[in-house]
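Take a look at the structure set out below.
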Ligand SMILES: NC(=O)c1ccc[n+]([C@@H]2O[C@H](COP(=O)([O-])OP(=O)(O)OC[C@H]3O[C@@H](n4cnc5c(N)ncnc54)[C@H](O)[C@@H]3O)[C@@H](O)[C@H]2O)c1
């Protein structure tokens, strides 16, 4: 397997959840090409085995652990597998995910719970198990979470997913403070890529068909929407895994197609003070000229570039 020229992860070990296909597969392949031993995880046993085969065929190191992330038990199994196989754990990437889009009034408890169990609880349990192992090893580590634009801005039909992905951004900003002393960085990637998950969004269906025929995504999507392929996202994970990113923590970093970006921490955009505090009337009197003079946008409508 040809090692990445600049980033060498030889001797390191990584877990990527949901790495049977899509972004997770591209993450795992990129880590293996840089020399890391990888634990592939997925609920789909066949996809997980194909992912392992794609890596070992190139001379890389990979094993599969088929389990649904979410529970503490699943997370412990993944970390144990990495340690048994490679003797250590250096990176945990919590990528596994599902969508169950539905407007609030039609969303079932099951749809809410599956999405939050996989993304939010899965991120918590996997990061916790990994950080316990990394703290015991005593030489730092990397936790890379996967958030989403939906979690930064909200998106029609994605109350469950936006809550989970917003929570994941908040957890990155929180755990970064907690893990700093142990030399463990915690960041969140905010990706955009043409995967099976995105192909289900109606506006992207024609482009997904083009990709399936082997056509590249047009520059209008790569630049305009920052939408590319999973392979366009994977280099950010490699960078975060590298020693060059040892000081980067608590960040939400966007990547997709030709675009790389840094998300701001939510912040107060306008502030007013009133001696003794505010009552409803004083808020109403000053609202339109004061803090409410321009309201914030909400929701993320995808508009295809002309
Ligand atoms: N593709 C994008 O543009 C995009 C944008 C923002 C965020 N994301 C996030 O990136 C991650 C990967 O998404 P993708 O687009 O590659 O999706 P995908 O559907 O192609 O791949 C997700 C993988 O996770 C697996 N999976 C689902 N539930 C699991 C579980 N409980 N345990 C283990 N594996 C499980 C699936 O079997 C699948 O192989 C997700 O967290 C997703 O929310 C993707």
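How do 140-151, 191-202, 254-265 rank on mean C-beta neighbours within 10 Å, highest first? Walk me through the numbers before you get to the answer.
Details: 140-151: 24.2, 191-202: 17.4, 254-265: 15.7.
By packing density, highest mean first, the sequence is 140-151, 191-202, 254-265.
To the nearest 0.05, how large is the calculated FRET efficiency for residue 215 and residue 239 if R₀ is 25 Å and r is the Cβ-Cβ distance?
Values: r = 28 Å, r/R0 = 1.13.
According to the calculation, E is roughly 0.30.
With labels modelled as points extended 7 Å from the Cα through the Cβ direction, what inter-label distance (nm, one decimal) is found for residue 281 paired with residue 10?
7.7 nm
Can you put 221, 31 in order, fewest other beta carbons within 10 Å first?
Numbers: 221 21, 31 32.
With the fewest neighbours first, 221, 31 line up as 221, 31.
Quick one: Kirkwood hydrodynamic radius for the chain, alpha-carbon pairs, angstrom, one decimal?
Values: mean 1/r = 0.0491 Å⁻¹.
Taking the inverse mean of 1/r over all distinct Cα pairs, the chain comes out at 20.4 Å.
What do you get for the angle between helix 22-33 and the principal long axis of the chain? Use alpha-carbon atoms, 0 to 90 degrees, nearest ten.
50 degrees
Stretch residue 156-residue 170 to full length: gain in nm at 0.36 nm per residue minus the Cα-Cα span? Please report the intermediate quantities before stating the final value.
Values: separation 14, 0.36 × 14 = 5.04 nm, distance 2.06 nm.
Full extension from residue 156 to residue 170 adds 3.0 nm.
Multiplying the sequence separation of residue 84 and residue 49 by 0.36 nm and subtracting their Cα-Cα distance, what value in nm do you get?
Values: separation 35, 0.36 × 35 = 12.60 nm, distance 1.86 nm.
Here the segment from residue 84 to residue 49 would lengthen by 10.7 nm.
Based on the mean of other beta carbon atoms within 10 Å per residue, what is the order of 172-178, 9-15, most packed first? List each step's numbers first, then the result.
Numbers: 172-178: 17.1, 9-15: 21.0.
So the order, starting with the most tightly packed, is 9-15, 172-178.
PRE reach from residue 110 (point 7 Å along Cα→Cβ): which of the range 60-91 fall under 20 Å by backbone N?
Residues 68-71 fall inside that zone.
Okay, helix-only estimate at 222 nm for the chain: each DSSP H run of n ≥ 4 adds -39500 (n - 2.57), divide by all residues, round to 500 deg cm²/dmol; what do you get? Don't skip to the end; give the middle numbers.
Details: 11 runs with 119 residues, N = 306.
It comes out at -11500 deg cm²/dmol, rounded to the nearest 500.
Could you tell me how many degrees, from 0 to 90 and to the nearest 10, lie between the Cα long axis of helix 72-86 and the main elongation axis, the longest principal axis, of the Cα atoms of the chain?
40 degrees
What is the pair-distance distribution P(r) of the range 212-306, computed from all Cα-Cα distances in 10 Å bins starting at 0, with each bin given as a whole percent?
With a bin width of 10 Å, the distribution comes to 12, 27, 23, 19, 15, 5, 1.
Read-outs throughout are calculated quantities, based only on the coordinates presented, and are distinct from any laboratory measurement. If you're wondering where the values come from, they're calculated on a predicted model, not measured in any experiment. Cβ coordinates were reconstructed from backbone atoms using ideal geometry, including for glycine residues, and neighbour counts include every protein chain displayed.
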